[in-house]
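This report concerns only the one structure given below.
The values are calculated or read from the model by the stated rules, or taken from the named source; none is laboratory data. Remember, predicted model here, so these are calculated numbers, not experimental data. Methodologically, a virtual Cβ is constructed for each residue, glycine included, from the backbone with ideal geometry; neighbour enumeration extends over all protein chains shown. SASA here: full protein model, heavy atoms, side chains in, ligands and nucleic acids out. Shrake-Rupley method; radii C 1.70, N 1.55, O 1.52, S 1.80 Å.
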Amino acid sequence: MACGKSQTGGAAQEVELLNVSYDPTRELWRDLNEKFIAAYEKESGTKVTLKQSHGGSSTQARAVIDGLEADVVTLASYLDTDAISKKGLIQPNWIDRLPSRSLPYTSTVIFVVRKGNPKGIKDWPDLIKPGVEVITPNPKTSGNGYLSFFSAWGSVVLRGGSRDDAIQYVTQLYKQVPVLDSGARGATTTFVQKKLGDVHLAWENEAHLEVREAKGELELVYPPISIRAEPHVAIVDGNVDRKNTRKAAEAYLKFAYTDEGQEIAAKHFYRPTNEAILKKHAATFPELRLFAITEIAKDFPDAHKQFVGEGGVFDTIYSPKK
């Protein structure tokens, strides 16, 4: 809500923004919010109050479609933002309205293992060794979940395996998942606090956070290949125009592209899209083969339909544990 206080009376304008995001971005946006609020008030005289909403990415997209009044969405993948666009709340050209195809940062899926890596997990094939329990969220409700599925699939077909090989691999993989949480943060709780599983397929930033907080009890493993995750950001046009918050919402997302915003992204283990800042943090971000979704499908909607949509591969290979 934009509370237009009288400019003549010298009172500052006040604007409230809601950022609807996915599960593991709490710490990133908390930090970005604090810096943006100070910078924007100094520059424009407008005082911004920022509210956050977090959850499984697809669930969050549905909430916005159902009326959650997001000014901006910073969701886990193109699919979720595009679903909101298809309902008419975001303009169709949204992906080209901000730099780097509306990506201030990218991410990937890596592994977190127990101290000493007792099961010797180094690569995707190790996940289906007998006795290995894998923690990953539900690919139908979680961005982390479906990107982990796409990564697993790509790890087979992009190294010479056939479609049948990939189906066989993911079938076995999900047999070794004791519980499918609905979102990334739930899976983290299952792995870290409930101590279930031998390996957690986690967002890169979430993995770093887990390891840091576990104080030596967990370790990172970078597989040689994983997906290039693209958590796009967008203005929710239908809401900002009704609430008269467009100007502040645009400035907010653009702040993530400033040098300060990019440094904050790197600090929280998201890969900045500013190449110079990414290079500066090369020690934090080991190189691995990050493949694009177009290497395993036509695009994200096609991948969704093939792999995790209604009647897709996941539905044919997974039956919930009784």
Using alpha-carbon positions, the gyration tensor of segment 283-322 gives root eigenvalues a ≥ b ≥ c; with a/c under 1.5 called rounded, otherwise prolate if a/b exceeds b/c, else oblate, the class is oblate
In order over segment 213-230: 3J(HN,Hα) from phi, Karplus 6.51/-1.76/1.60, θ = phi - 60°, whole Hz, x for each Gly or Pro, gives 6, 7, 6, x, 8, 10, 9, 8, 10, 9, x, x, 9, 7, 7, 8, 7, 10
Between Arg30 and Lys305, the two model label points (7 Å from Cα along the beta-carbon direction) sit apart by a distance in nm of 4.1 nm
On each of the three principal axes the extent of the alpha-carbon atoms of segment 17-156, given in whole Å and largest first, is 60, 34, 26
GluC sites (Glu not before Pro) in segment 191-246 lying in a DSSP loop, each with at most 15 other Cβ atoms within 10 Å of its Cβ, come to Glu217
Excluding residues fewer than 8 positions from Lys119 in its own chain, the aspartates and glutamates with Cα under 14 Å of it are Glu133, Asp198, Glu219
The FRET efficiency for Ala282 and Thr258, from their Cβ-Cβ distance with R0 = 25 Å and rounded to 0.05, is 0.75
Row for segment 202-245, column shape: gyration tensor on C-alpha, a ≥ b ≥ c, rounded if a/c < 1.5 i.e. under 1.5, prolate if a/b over b/c, else oblate; value oblate
Note to self, the chain gives a 222 nm [θ] from helices alone (DSSP H runs n ≥ 4, -39500 (n - 2.57) apiece, / all residues, nearest 500) of -11500 deg cm²/dmol
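Let me check something: with ligands and nucleic acids excluded, how do Asp66, Asp299, Asp237 order by accessible area (1.4 Å probe), largest to smallest?
Values: Asp66 130, Asp299 55, Asp237 10 Å².
Reading off the accessible areas and sorting them downward yields Asp66, Asp299, Asp237.
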Once both label points are put 7 Å beyond Cα along the C-beta direction, the Asp123-Arg159 separation in nm becomes 0.4 nm
For the chain, the Cα convex hull volume per residue in Å³ comes to 136 Å³
For Glu295 and Ala39, extending 7 Å from Cα along the Cα-Cβ vector and measuring point to point gives, in nm, a value of 3.2 nm
Expressed per residue, the solvent accessible area of the chain in Å² (1.4 Å probe) is about 43 Å²
Checked against a 26 Å limit on the C-alpha separation, the offending pairs among Lys86/Lys267; Lys86/Lys254; Lys140/Lys279; Lys35/Lys247 are Lys86/Lys267; Lys140/Lys279
Of Ala70, Ala152, Ala282, the most mobile residue in a GNM of the chain (C-alpha springs, cutoff 10 Å) is Ala282
For segment 195-312, shape from the Cα gyration tensor axes a ≥ b ≥ c, cut at a/c of 1.5 then a/b versus b/c, turns out oblate
